[in-house]
Amino acid sequence: QLQLVESGGALVQPGGSLRLSCAASGFSLDVYAIGWFRQAPGKEYEGVSCINNNDGRIDYADSVKGRFTISRDKAKNTVYLQMNSLESEDTAVYYCAAERRASRASAACLLKGGHRYFDVWGQGTLVTVSS
């Protein structure tokens, strides 16, 4: 069974940092695209960052460039999202998702509705940025 499990969400003050983890089981992330998406209350899914493990392509939404970093630990079959200089606008439930058709998913990741190109989803982890 293909499964993704996110962890690392928490309440943090503005300017703080968090690292989210996305651990895969039942499949190898080697040939998948992995996307981090977020959904704030009352809003649509937003693509935050994606990595194509086939060709190493990495993309970031403009709103998080320079603050967030996506990375992968191949041995642990885990993808991370390091989030620095957090802002209240970053408050959301964060999801990781995987797609075997990596090129197509990677190209669509940050587009509106791009989350629909991803097939395997985790349960989400809540990030709250507040003083």
Can you classify the chain as rounded, prolate or oblate using the Cα gyration tensor, where a ≥ b ≥ c are the square roots of its eigenvalues, rounded means a/c under 1.5, and otherwise it's prolate if a/b beats b/c and oblate if not?
prolate
Under 5 Å, built H, 5+ apart or other chain: amide partners of ASP119
ALA98, GLU99, ARG100
Report relative contact order for region 26-131 in percent, whole number only (criteria: Cα-Cα under 8 Å, sequence separation at least 6).
32 percent
Say a paramagnetic label sat at a point 7 Å from the Cα of ALA107, along Cα to Cβ; which residues of region 35-55 have their backbone N under 18 Å from it?
35, 50-55
Longest exposed-loop-site-free stretch of the chain, with GluC sites (Glu not before Pro), DSSP loop and at most 16 other Cβ within 10 Å?
88-131
Amide H contacts under 5 Å for PHE27, placed H, 5+ residues apart:
GLN3
Calculated over region 53-112: convex hull of Cα atoms, volume per residue (Å³):
108 Å³
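Bear in mind that the values in this text are calculations on the coordinates, not laboratory data. This structure is a prediction, so every number in the text was calculated from the model and none was measured. With ideal geometry, Cβ positions are generated from the backbone for all residues, glycine too; neighbour counts draw on all protein chains shown.
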